[in-house]
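Working notes, structure below.
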Amino acid sequence: MTPLHESLAALCDLAKRRSSIKTLTVASDVFGRVAIEAMQSACAELRKIHDKQLQEHPKLELSYSRGLGRLPRVFWIGAVPSGRTVGNSISATICFAKDGSGMVAGIMTSSLFPSRLHCVQRTALPSFLDVNGTKWETKYNDRFLIPKDFLMSDFSEELFVAHFQHCITQLRRQLRTGIRGA
């Protein structure tokens, strides 16, 4: 197993464990620190693979879900325009399924601004990985363009890396045409 595969598998396992915790989890407690370290590790591995592409104009930065003092219900990692956040811009994002079975990668629209982009209604599909949080701003299922589900049971790192690279390319194309999430 490669370091990227290991870090993504660890995040899936943590996502499953997180979903079974019904109380609010502080990001600074032991579980929160482990989850944040896992997201940082996955970001570092993604950066190694996609660094050249992230540095092209417009420059993109990798960020991850931190919550606001509390650990989020849904973990995500996103490539966003420099100076922006997943909440206020479109992004190439990986959301981890709450049941720990895998992740969804695609271009995700902002929760704070209405989008002119046509998202895939994943909840209308016969089968999909659930990446919805509990609040309206963390309902991610139907906010994706070009989403692809990746199950850990038959994970292909080669397909995952290629798809995330495609998402970054398409995100950059959207940013160049002036669509920034609003």
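Of note:
- Scanning the stretch 164-182 for residues that are crowded, with 17+ Cβ neighbours inside 10 Å and at positive phi yields a single hit, 181.
- Of all residue pairs spaced 6 or more apart or on separate chains, those with beta-carbon atoms under 6 Å, a first member in the stretch 13-24 that is touching a residue at least 40 places away in the same chain (Cβ under 8 Å) and a second member that is in a helix (DSSP H, G or I) are 14/35; 14/38.
- Qualifying residue in the stretch 84-92 (condition: within 15 Å of the chain's Cα centre (by Cα) and free of Cβ contacts under 8 Å to residues at least 40 places away in the same chain): yes
- Here residue 74 fits the description: in contact with a Gly (Cβ under 9 Å, 6 or more places away or on another chain) and either under 19 Å from residue 104 (Cβ atoms) or not aliphatic (A, V, I, L, M) (or both).
- Residues satisfying the stated conditions in the stretch 134-149, i.e. in contact (Cβ under 8 Å) with a residue 60 or more places away in the chain and either surrounded by 12 or more Cβ atoms within 10 Å (Cβ to Cβ) or in a strand (DSSP E or B) (or both): 138, 140
- Taken over the stretch 109-133, the residue count meeting the criterion of being in a loop (DSSP other than H, G, I, E, B) and within 27 Å of residue 153 (Cα to Cα) is 10.
- Test: residue in the stretch 45-68 that is over 20 Å from residue 171 (Cα atoms), of a type outside the set (Ser, Thr, Tyr) and crowded, with 24+ Cβ neighbours inside 10 Å: no
- Test: residue in the stretch 154-163 that is in contact with a Phe, Trp or Tyr (Cβ under 9 Å, 6 or more places away or on another chain), in a loop (DSSP other than H, G, I, E, B) and crowded, with 16+ Cβ neighbours inside 10 Å: no
- Here the stretch 81-133 is the region considered, the condition is being surrounded by fewer than 17 Cβ atoms within 10 Å (Cβ to Cβ) and of a type in the set (Ser, Thr, Tyr), and the residue that is nearest to residue 175 (Cα to Cα) is 82.
No value in this document is a laboratory result; all are computed from the given coordinates. Bear in mind the structure is a predicted one, so any value in this text is a computation, not a measurement. No Cβ is skipped: glycine too gets one built from the backbone with ideal geometry, and neighbour counts run over all protein chains shown.
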